[in-house]
Amino acid sequence: MGDASKWVLSGAVAIMGLIGLFVAARGGQSVPYWGGLGFFLFSVLYVFYQIKLAFDEAEHRKHSHH
């Protein structure tokens, strides 16, 4: 997966996570509430994981040039 596609996918997941928060806010104590919160949590974890992978890749490139 290219760098640009990683950015686009992560951005799309982040936007869907925000939509999940809006769904949870209007869902009461039912399935939309927990589903929205769950999807928001998934999106936050996914974006942080992508950030970790980007830093790991940059660190690997930095050390492989020496």
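We did not get these values from a lab; they are worked out from the coordinates using the rules stated. Quick caveat, the model's predicted, so the values are computed rather than measured. FYI the Cβ positions are ideal-geometry reconstructions off the backbone, even for glycines, and counts take in every protein chain you see.
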*In the range 39-66, what count of residues is obtained for those that are under 24 Å from Val8 (Cβ atoms) and loosely packed, with under 13 Cβ neighbours inside 10 Å?*
14
*Does any residue of the range 4-17 turn out to be in a loop (DSSP other than H, G, I, E, B), free of Cβ contacts under 8 Å to residues at least 60 places away in the same chain and more than 13 Å from the chain's Cα centre (by Cα)?*
no
*Somewhere in the range 39-54, is a residue without any contact (Cβ under 8 Å) to a residue 24 or more places away in the chain, in a helix (DSSP H, G or I) and in contact with a helix residue (DSSP H, G or I) (Cβ under 7 Å, 6 or more places away or on another chain)?*
yes
